[in-house]
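The values are calculated or read from the model by the stated rules, or taken from the named source; none is laboratory data. Please read all numbers here as calculations on a predicted model, not as lab measurements. Using ideal geometry, Cβ is built from the backbone for each residue, glycine included, and neighbour counts are taken over all protein chains shown. Surface areas here come from the heavy atoms of the whole protein model, side chains and all, with no ligands, DNA or RNA. Shrake-Rupley method; radii C 1.70, N 1.55, O 1.52, S 1.80 Å.
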Amino acid sequence: MKIALPDASGRRTDYTLTGTPISAGRLGRDASRVVFSAAHVVADPFTANDPSGRATLDWAKTMAFRHYLAGLGLGIAEAMDTAQRGMGLDWSGALELIRRTREDLPDALVANGCGTDHLDPADARGIDDVIRAYLEQIEAIQKLDARIILMASRALVRVAKGPADYVQVYDRVLAACDRPVILHWLGEMFDPALAGYWGSPRFGDALETALEVIHRNAARVDGIKISLLDKDKEILMRRRLPSGVKMYTGDDFNYPELIAGDDQGYSHALLGIFDPLAPAAAHAVGLLGQGDVAGFRATLDPTVPLARLIFRAPTQYYKTGVVFLAWLNGFQDHFIMPGGAQAMRPLPYFTEAFRLADGCGLLRDPGLAVHRMKTLLALYGA
């Protein structure tokens, strides 16, 4: 099967598809790693809302994708940045998403983003405002008997005067949680408004503050997801976590090595890239549980170039690549995103993602993917 793809100058050359679609089994609850896929949302393309307005979702398609992930045995990290949380999806939409997933998949492994995104950072006057905002979302999510991922706060960055303010906020907020939560350290490459999180621009100082929060509240912390795209920083933190507190890798560049681990430990996974890589992730972690480290690496290592493309700078637009692949694979009928985010990457990005996804066996219906890729090329006049 062939398709003519343009290069960066617009010159078209024939590309022959070579990939064999991955057939993934179901990852069991006794898997060797806890694996969450941070799931995207499907926009309603027929809404009358402007792209800059409130997101309107296609709930049927959005929930169908979550059933697909759960069917692979993967956990779902709900209402996170992959779902365009704070970048198209507001708090009320996120809460509705959390509620629907809780009702639709009551037995699935689901953890839900909880933050302060309903508080405009410009309106925050001090850390008490941040605490109140966190507590409001905690109460709403816990009323649904749902598990929490405690997301980083843009408002906290704005008002905190130093590390002590972070410790005070997290002590107060974690005390209100009715079960252990996952903390989320999201780097500024994902959200520039989070630069200097934990009260310092220096990683070493920020690390000490984050570890202090975790040690002070270890009984209330299931783990921490670190998304800094730096494997050495993650490994350093992983080795210093209290016993029983998990490291969830959020490193979409180095996940095979970090999940495989070393003789001093390993990372679990909470990854946006495990949305388009879901079948590969389920298959690979299943092999790892059987002791087949080579098979695990042989499955996931070839996906890294695709992940590095999808998450290339400016990294906050990685959702565009995630939804592009969901469209190619038939999980939605259009390539439209909340906030018009489908326009945030150039055509060569899409053509290279197509090639790399094919090479990894991640185009589950190559004929459909070719047809849709041709549709996109025609839109661009290519």
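Which condition breaks for GLY28 when tested against (1) of a type in the set (Gly, Ala, Ser); (2) under 19 Å from ASP365 (Cα atoms); (3) assigned to a loop (DSSP other than H, G, I, E, B)?
Among (1) of a type in the set (Gly, Ala, Ser); (2) under 19 Å from ASP365 (Cα atoms); (3) assigned to a loop (DSSP other than H, G, I, E, B), the lone unmet condition for GLY28 is (2).
Scan the stretch 52-67 residue by residue and report those that are open to solvent by less than 60 Å² (accessible area, probe 1.4 Å) and of a type in the set (Gly, Ala, Ser).
Of everything in the stretch 52-67, those that are open to solvent by less than 60 Å² (accessible area, probe 1.4 Å) and of a type in the set (Gly, Ala, Ser) turn out to be GLY53, ALA55, ALA64.
Can you tell me which of (1) in contact (Cβ under 8 Å) with a residue 12 or more places away in the chain; (2) within 22 Å of TYR266 (Cα to Cα) is the one ASP232 doesn't meet?
Of (1) in contact (Cβ under 8 Å) with a residue 12 or more places away in the chain; (2) within 22 Å of TYR266 (Cα to Cα), only one is false for ASP232: (1).
THR16 - would you say it is β-branched (Val, Ile, Thr), at pLDDT 95 or above and open to solvent by 50 Å² or more (accessible area, probe 1.4 Å)?
Working: β-branched (Val, Ile, Thr): yes; at pLDDT 95 or above: yes; open to solvent by 50 Å² or more (accessible area, probe 1.4 Å): yes.
For THR16, the condition - β-branched (Val, Ile, Thr), at pLDDT 95 or above and open to solvent by 50 Å² or more (accessible area, probe 1.4 Å) - is met.
Please go through the stretch 74-107 and give me each residue that is more than 19 Å from ALA326 (Cβ to Cβ) and either open to solvent by 10 Å² or more (accessible area, probe 1.4 Å) or touching a Ser or Thr at 6+ places or on another chain (Cβ under 9 Å) (or both), ordered by number.
Hits for the stretch 74-107 are GLY86, ASP90, TRP91, SER92, LEU95, GLU96, ARG99, ARG102, GLU103, PRO106, ASP107.
State all residues of the stretch 127-163 that are open to solvent by less than 50 Å² (accessible area, probe 1.4 Å), outside any loop (DSSP other than H, G, I, E, B) and of a type outside the set (A, V, I, L, M); if no residue qualifies, say none.
Listed by number, the residues that qualify are ASP129, TYR134, GLN137, GLN142, ARG147.
In this structure, does ALA77 turn out to be of a type outside the set (Phe, Trp, Tyr), assigned to a strand (DSSP E or B), touching a residue at least 24 places away in the same chain (Cβ under 8 Å) and within 21 Å of ASP275 (Cβ to Cβ)? Give the steps one after another, and end with the answer.
Details: of a type outside the set (Phe, Trp, Tyr): yes; assigned to a strand (DSSP E or B): yes; touching a residue at least 24 places away in the same chain (Cβ under 8 Å): yes; within 21 Å of ASP275 (Cβ to Cβ): yes.
Yes; evaluated as a whole, the condition is true for this residue.
Looking at this structure, is ALA43 modelled with pLDDT of 95 or more and closer than 28 Å to LEU377 by Cα? Steps first, please.
Numbers: modelled with pLDDT of 95 or more: yes; closer than 28 Å to LEU377 by Cα: yes.
The answer is yes for ALA43.
Quick check on PHE46: is it of a type in the set (Phe, Trp, Tyr) and open to solvent by 50 Å² or more (accessible area, probe 1.4 Å)?
Numbers: of a type in the set (Phe, Trp, Tyr): yes; open to solvent by 50 Å² or more (accessible area, probe 1.4 Å): yes.
Yes; evaluated as a whole, the condition is true for this residue.
Please identify the pairs in which a residue from the stretch 165-189 that is under 9 Å from ARG220 (Cα atoms) and charged (D, E, K, R) has its Cβ atom under 8 Å from the Cβ atom of a residue that is at pLDDT 95 or above and open to solvent by less than 20 Å² (accessible area, probe 1.4 Å), counting only partners at least 6 apart or on another chain.
The qualifying pairs are ARG179/ILE148.
Filter the helices (runs of 4 or more DSSP H) completely within the stretch 164-276 down to those with at least 3 residues that are open to solvent by 10 Å² or more (accessible area, probe 1.4 Å) and in contact with a Pro (Cβ under 9 Å, 6 or more places away or on another chain).
Working: elements: 203-216, 231-238, 255-260.
Once the helices (runs of 4 or more DSSP H) in the stretch 164-276 are filtered for at least 3 residues that are open to solvent by 10 Å² or more (accessible area, probe 1.4 Å) and in contact with a Pro (Cβ under 9 Å, 6 or more places away or on another chain), what remains is 203-216.
Filter the stretch 280-290 for residues that are out of contact with any Phe, Trp or Tyr (no Cβ under 7 Å at 6 or more places or on another chain) and open to solvent by 20 Å² or more (accessible area, probe 1.4 Å); which is nearest to VAL304 (Cα to Cα)?
HIS283
Considering every residue within the stretch 226-248, establish whether at least one is at positive phi, hydrophobic (A, V, I, L, M, F, W, C) and within 18 Å of the chain's Cα centre (by Cα). Let's see the steps before the verdict.
Just the residues of the stretch 226-248 that are at positive phi, to begin with: 229, 244.
Retained after the next criterion (residues that are hydrophobic (A, V, I, L, M, F, W, C)): 229.
Checking which are within 18 Å of the chain's Cα centre (by Cα) leaves us with 229.
Scanning the stretch 226-248 turns up at least one residue that is at positive phi, hydrophobic (A, V, I, L, M, F, W, C) and within 18 Å of the chain's Cα centre (by Cα).
Give the residue that is farthest from LEU271 (Cα to Cα), with candidates limited to residues of the stretch 3-25 that are in a loop (DSSP other than H, G, I, E, B) and without any contact (Cβ under 8 Å) to a residue 12 or more places away in the chain. Walk me through how you get there before you give the answer.
Here is the first cut: in the stretch 3-25, the ones in a loop (DSSP other than H, G, I, E, B) are 7-11, 17-25.
Filter again for without any contact (Cβ under 8 Å) to a residue 12 or more places away in the chain, leaving 9, 11.
Values: SER9: 33, ARG11: 35 Å.
Among those that are in a loop (DSSP other than H, G, I, E, B) and without any contact (Cβ under 8 Å) to a residue 12 or more places away in the chain, it is ARG11.
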